[in-house]
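These notes concern the structure reproduced below.
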Amino acid sequence: MNFRNLPQVAISVLCLGLTTAAFAATCPGSIVTVNLTSPSGSGTYSVPVHFDATASSSAGASITGYAVYTNQWSDIPFAEGEPVYLNGVATLNAWVVLPETVSGGALSQSVFVRAWDADGNCGDTATLAITASGADIPNSFPSGDQQWTNTENDEENSDSGNGAGWWDCGTTTCAGGTINGTASFAFGQSPELNSNPSIEFSLTGASGADALYWYKVPTIGQQDSMQNFVWDFYFYLAANDTEANTEALEFDLFQAVDGYKYMIGTQCNYYPKGGGSPIWNTWDGTSGIWVPAVRNTETDNNPTGTAISCGPFSTGTWHHLQYYLQRTKADSTYPVGRILYGSVSVDGSPTVWNISAPAVSSNWGDVLGFQHQLDIHSGTITLQEWADEDDLTAWPQD
């Protein structure tokens, strides 16, 4: 892959500031009352956990935001004392990534929700004893969601790659790699997952050639409020797309808002640096490099721990990928928010990633979309990938 500040949430230091010692402390007074209906109580929950709450202020002021806290700050990519979830709206209806262990195991933690009103008063729920264990992909969405389904049939494109719809490139300046390749795509193709035809991505070239295929949702620049994403699709590899011939399979979701780019990049790297079995990489936009996808750590150029394994993906069959991804609200540590890789499901087997990365400044116009990429490892060959039911659901930070 080669590829003005966001408004901050106005929240008083009183309502957000917590230290380890003060985790169990409640807000002063009892002006704001929080009614938490999900989770229903202490217990074991898969991640992300669905939080649903309303609040009221006896002072008559409107409720203006919520935060979710856990005492397991050391296991998550947040500054100590920062909430794991933050919004700036009147209700809480959110899927929240609570931490598991760095190896993906169950993690017991103390969790509570805080709400505040327009006057700066705040209130907390009782502290719940929650064990985060296992993973899910969200399957219900708050009001205000948008869905783009069967994008593999969307033939709308214009403006030399700047408009909505599908586009491709095979040059080193666009797709990366070390030599140019020939990229193409075609609609109405088979194999197909069902009666709905697929889209075919094709790359012809030699070792070091890459090809990028991207989709921009319509209408360009009108999805800036979207901060939660479920990307759900199937892909099928041709017989040539073996481990011997393929360097990596890449799948990315991207958004640009107000001069900042949120490139949520993933690739199944068949040839990781230093050797070994294929691993997932995530994109470090600050350094412009791929790094191992290590759970519960920031995405930087020196992550520690065991990378998440992947592939190699078998050819001649359909594979199912599902991503839950977030662009988080601004907070005191990340003034323009950050990228959060929540949970990822491969062929029906979900895992919690909980990997964070900063946004980077960009001259891109406001946009939302996703992309597939093919990379050749060896030989002069043609790689082919088909995608079907390539769907994206997005919603604001409710």
Just want the ordering: Thr299, Thr101, Thr306, from fewest to most Cβ atoms lying within 10 Å of their own Cβ. Thr306, Thr101, Thr299
Exposure proxy check: Asp232, Asp375, Asp168 ranked by fewest other beta carbons within 10 Å? Asp232, Asp168, Asp375
With n ≥ 4 as the cut-off for DSSP H runs, can you work out [θ] at 222 nm for the chain, using -39500 (n - 2.57) per run divided by the number of residues, rounded to the nearest 500? -500 deg cm²/dmol
So if each residue of separation counts as 0.36 nm, and I subtract the Cα-Cα distance between Ala186 and Thr317, what length gain in nm does that give? 45.2 nm
Express the relative contact order of region 146-396 as a whole percentage, based on alpha carbon pairs under 8 Å and six or more residues apart in sequence. 30 percent
Gln222 versus Asp119, label points 7 Å from Cα toward the beta carbon: distance in nm? 4.0 nm
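We did not get these values from a lab; they are worked out from the coordinates using the rules stated. All values reported here derive from a predicted model rather than from experimental measurement. Cβ: placed from backbone, ideal geometry, glycine included. Neighbour counts: every protein chain shown.
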